[in-house]
Structure formats: C-alpha cells, structure tokens
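S.K.: One structure, as structure tokens, below. Some questions next.
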Amino acid sequence: MDGVQKDHDKVWAGARKSKNRDQAQDVIDALQKARDAIAEDPSAAAVALAKLQNPVKMSFDGMLAGLKDVHSSHTKYGRALDKVFKDKPLPSSEIDALSTHPTLVNRAIYLHLLREGLFDVASEFHDEASARQKIQQDAAAALGMDVPMEHPLGLDKSISENMQEQFTNMYHILSELKDNHNLQPAIDWARSNCSALEARGSNLEFELCRLKYITLFLGSSQMEALLYAQTDFQHFRGRYLSEIQQLIAAMAFASNLEESPYATRFYNTASWDEVASSFVREFCSLLELSADSPLYIAATAGAIALPILLKLQAIQKQKHTEWTSQDELPAETPLPASYQFHSIFVCPVSKEQTTDANPPMMLPCCHVLAQESLQKLSKGAKFKCPYCPVESHPRDAKRVFL
C-alpha cells in the first residue's frame, strides 16, 4: 500500500503543478486578441495570423508534453492499483437466497433511500416497483394463474407515507443542527419524546440543552446563559447535577475560560457532529430502526465477508468438496461488535449455532451444550459431561436464554 500511496501522491502533485490550463487559456486569449484585431482592420488579417502561428504552436507543444507526463503518471498509478487490488471472480452460488424475496430487497432499497433523504428517488422507486408488479400480475392473469396481489415493498401505504413524513422531519431538524447551528427544533423534538428517551436511558435532551447553554455562554453573554440554565436545567438536576454545577462554576473563569479546568467542556470542536449523530441514532431507535441503513449494513458485512468467501471457494474447488448446510457457512465471519444484533451461541460439541428449535442447555456442572447434542450424548439416560467428570441426567439440564 505504501507504493500505491506514493504513486497517488505523484499523480496529485502533478495535477496541481500542471500548466495545461494556463497554457490553454493563453491560446484562447491570443485567438480572441487576433480576432478583435482582424475585426477592426480586415486588411491586417494575414499579418495577425502570421504573428499568431508561433505562439499557438509553442503553447500546443507545451500542453502535449504536459499531457504525456500526466498520462505516464496515471499509467503507473493504474498498474500499482492493479498489482495490489487483483481482479478476482466473485463467489458464485447455485442458490440465491434473495431471489425468492424481491419484496425484502425492494423494501431495503426504499428504506435506504428514505434514510438518505432522497425522497423523490424513493417515490419514483416505489412507483416503478408497483408498475413492475402490476405487469407481472397481468401476465399471470393472462395465463390463467391467480397470484395474490401484495404491496411491492411489503408496507401499507399509510406506513410508507408515515415513514417518509418522519424522515422528512428528521432531515429538517438535522439541517437546522448542522447548517444553521439551530438547536431549538431538536430540543423541541426531544422534549415531545422525553418519556420514550428516558425509558431508553438516553441523555440526548440534556446534551442538546448543554450545547445551547455553551453556545449562549460563548456567543451572547454569560448572563443570558445563566438565565437559560435557571429555567431549562431544572428537571435535569436529578441525573446531571454534577455536570450542571461544573457548567455554572465556569462563570467564575469567564475572563480566562481557555485556561480554566472547564475548558474542554466549552471548546469541543466535534460537539455539533456528536450531538447530530446522537440525534439520528435516537430518532431511528424510536422508529424501531437501527442507526445505519439495513442496506448499508448488509453491503458492508458482505464486503467484510468477501475475502473469506473467496478463500472458501478456492479451497472447495481445489479439494472438489461442497458445503451442504443451507443456513450457515463453514467459516466464521469476524463482523464488528456494532453489527452483532443478537446473542449467538455455538455448541462446542456439534460446532453448530443454536436456534429456537435447538436451544442452548446448561448442565448442572454449568457447561452449556445444544439440545440436540445433549440428546445424542445422553440417549435419555445418565451421562458424563464431555468437558468435565460430572455425571448428570438430561432432565437436570436447564435452557439458557441469551
């Protein structure tokens, strides 16, 4: 990667130092000057064109030499990229798990467009999905087949409209936060949903009010900030008394705040981005949605898993073997903690992930096995734990809820 970075830097430096634009402008200026001279005195056309020939030729020669250097650097950069990022075929599968669930795919795309604020594109996608479904319905009817009509996104129209309205409101508030540094719409939303936010243990409302206090303190006057704290910090005293005391105590260092013990609380350059991210996360949580788009999560998880799948495909091709399990892979994909949305337990005996039909069971010795493994080992009678000398009966095992 160091070699790629060096070639990238060379291309970038060459683009910044390139004089092609200035040389092209010189040619344009010379042509315009000659045109104006000929317009004033047509008889001097031959002389004007003769004077123009050498400067234009020199400019074109300079641009050609510059383009050769640019082409050479781009070629080297492309070769460096090809060397590091070798073209590999994508893993193929005879079974496409999503081919039979077009509604889920359409819904994921539609929700992603809504979450990105692309409401016009989302509406157009919805209409095209509906039209495509209508064509399929008519084709099936022409063949005498009765296909039940369902919403192309698996969403009722009222739910779809409500979600678009919600995300429109979210982007309006987010725009006020980021573009105008206007906290009031976000504060109003947090207060109208304070019960739900408190149930989640969220501190969004206080973070917004604290940032407004800091904005007033640094921008308007300390007295206005103090009046705001006296009115708006009252119901935060239970959970955030210590924080409020420090914010008020900073008044004593107003003339030298940057060197005070409270400087980090007032001079945080990332505070607006942090509170905006917190707002989006809490807004989506109240809609029972993850902070990131499901489509983005699926694409990112797929990109993380792709090298493992390519290696697995190569091994299977080399050893002429196939993986017969339909719902799981023979290799674990190391996804980040933020992409793990539920607890996972893999049976240490069968090496299979437990499910509702095959739940984890804890033995009296506190070792945990999958229920199917427990049944195979015990065969309904007393048996010895595979990981310690303790013997027990399968009826003594208890189901574990993760």
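The values are calculated or read from the model by the stated rules, or taken from the named source; none is laboratory data. Since we're looking at a predicted model, the values are computed, not measured. Cβ sites come from the backbone with ideal geometry, for glycine too, and all protein chains shown count toward neighbours. Calculation scope for accessible area: heavy atoms of the full protein, side chains included, ligands and nucleic acids excluded. Shrake-Rupley method; radii C 1.70, N 1.55, O 1.52, S 1.80 Å.
S.K.: Carbon and sulfur: what percent of the chain's accessible surface (1.4 Å probe)?
M.R.: The C+S portion of the solvent-accessible surface of the chain is 55 percent.
S.K.: OK, next. Residue farthest toward the positive end of the dipole of the range 1-67, with Cβ of Lys/Arg at +1 and Asp/Glu at -1: which of Val11, Met63, Leu49?
M.R.: So the residue we want is Val11.
S.K.: Now for a separate question. Go ahead and set up a Gaussian network model of the chain, Cα springs under 10 Å, then flag whichever of Pro307, Pro185, Pro55 fluctuates most.
M.R.: Of the options given, Pro55 has the highest mean-square fluctuation.
S.K.: Once phi is turned into θ = phi - 60°, what whole-Hz ³J(HN,Hα) does the Karplus curve with 6.51, -1.76 and 1.60 give for every residue of the range 239-247, x standing for Gly and Pro?
M.R.: 8, 10, 4, 4, 5, 5, 4, 5, 5
S.K.: Per DSSP H run of at least 4 residues, take -39500 (n - 2.57); add these up for the chain, divide by its residues and hand me the 222 nm value, nearest 500 deg cm²/dmol.
M.R.: Helices in the chain give a 222 nm mean residue ellipticity of -20500 deg cm²/dmol.
S.K.: Here is a further query. Quick check of the Kirkwood formula: for the range 223-280, what is the inverse mean of 1/r over all pairs of different Cα atoms, in Å? Don't skip to the end; give the middle numbers.
M.R.: Details: mean 1/r = 0.0781 Å⁻¹.
It is 12.8 Å.
S.K.: Measuring with a 1.4 Å probe in the full set of protein chains, what accessible area per residue, in whole Å², belongs to the chain?
M.R.: On a per-residue basis, the chain sits at 68 Å².
S.K.: Then there's this: Taking Cα atoms, how many degrees apart are the long axis of helix 204-219 and the longest axis of the chain, rounded to 10 and kept between 0 and 90?
M.R.: 30
S.K.: Right, here's the next one. Would you kindly derive the ³J(HN,Hα) couplings of the range 34-45 from the backbone phi angles with the Karplus curve 6.51 cos²θ - 1.76 cosθ + 1.60 (θ = phi - 60°), listing them in order in whole Hz, with x for Gly and Pro?
M.R.: My calculation for the range 34-45 gives 5, 4, 5, 5, 5, 5, 6, 9, x, 5, 8, 4 Hz in order.
S.K.: Over what distance in Å are the Cα centres of the range 1-41 and the range 351-366 separated?
M.R.: 70
S.K.: Tell me the angle of helix 271-286 to the major Cα principal axis of the chain, expressed in degrees between 0 and 90 and rounded to the nearest ten.
M.R.: 50
S.K.: Let me know the charge dipole size of the range 346-399 about its Cα centre in debye, to the nearest 20, where only the beta-carbon of Lys, Arg (+1) and Asp, Glu (-1) is charged.
M.R.: 160
S.K.: Pick from Ala263, Ala370, Ala50 the residue whose mean-square fluctuation is largest in a GNM of the chain, springs joining Cα atoms under 10 Å.
M.R.: Highest fluctuation of the listed residues: Ala50.
S.K.: Put one equal scatterer on each alpha carbon of the range 162-270, apply the Debye formula with no solvent term, and list log10 I(q)/I(0) at q = 0.18, 0.23, 0.24 1/Å to two decimals.
M.R.: -0.97, -1.37, -1.43
S.K.: Using each residue's phi in the range 373-383, evaluate 6.51 cos²θ - 1.76 cosθ + 1.60 at θ = phi - 60° and report the 3J(HN,Hα) Karplus result to the nearest Hz, with x for Gly and Pro.
M.R.: Those phi angles translate into 5, 4, 5, 5, 6, 8, 6, x, 10, 5, 8 Hz.
S.K.: Shifting gears a bit: Sorting check: for 359-367, 20-28, which peptide has the highest mean count of neighbouring beta carbons within 10 Å, and how do the rest follow?
M.R.: 359-367, 20-28
S.K.: Still on this structure, please answer the following. Report the Stokes-Einstein translational diffusion coefficient (µm² s⁻¹, integer) for the chain, Rh taken as the Kirkwood radius over Cα pairs, at 10 °C with viscosity 1.306 mPa s.
M.R.: For these conditions, the coefficient is 53 µm²/s.
S.K.: Connecting C-alpha atoms closer than 10 Å in a GNM of the chain, tell me which of Val105, Val275, Val56 has the biggest fluctuation.
M.R.: Among Val105, Val275, Val56, the largest mean-square fluctuation in the Gaussian network model of the chain belongs to Val56.
S.K.: Hey, with R₀ at 60 Å, roughly what FRET efficiency would Leu227 and Asp9 work out to, going by the Cβ-Cβ distance, to 0.05? Walk me through the intermediate numbers first.
M.R.: Details: r = 54 Å, r/R0 = 0.89.
In this case the efficiency is close to 0.65.
S.K.: Using alpha carbons only, how many degrees (0 to 90, rounded to 10) separate the axis of helix 2-17 from the longest principal axis of the chain?
M.R.: Between the helix axis and the principal axis of the chain, the angle is about 30 degrees.
S.K.: Once you wrap a convex hull around the alpha carbon atoms of the range 1-84, what is its projected area averaged over all directions, in nm²?
M.R.: Average projection, Cα convex hull of the range 1-84: 6.0 nm².
S.K.: Listed highest first by mean packing, meaning other Cβ atoms within 10 Å per residue, what order do 171-179, 342-350, 276-284 come in?
M.R.: Working: 171-179: 15.8, 342-350: 12.9, 276-284: 17.9.
Highest mean packing first, the order is 276-284, 171-179, 342-350.
S.K.: Now, a different point. Just to confirm the filter: which trypsin sites (Lys or Arg not before Pro) across the range 311-402 are DSSP coil and have at most 13 other Cβ within 10 angstrom of their Cβ?
M.R.: When the trypsin sites (Lys or Arg not before Pro) of the range 311-402 are filtered for loop state and at most 13 Cβ neighbours within 10 Å, Lys351, Lys379, Lys382 remain.
S.K.: On to the next question. So, with +1 on the Cβ of K and R and -1 on the Cβ of D and E, and no other charges, what is the size of the charge dipole of the chain about its Cα centre, to the nearest 20 debye? Write out the running numbers ahead of the final one.
M.R.: Values: 41 positive and 51 negative charges, 353 e Å.
Dipole magnitude for the chain comes out near 1700 debye.
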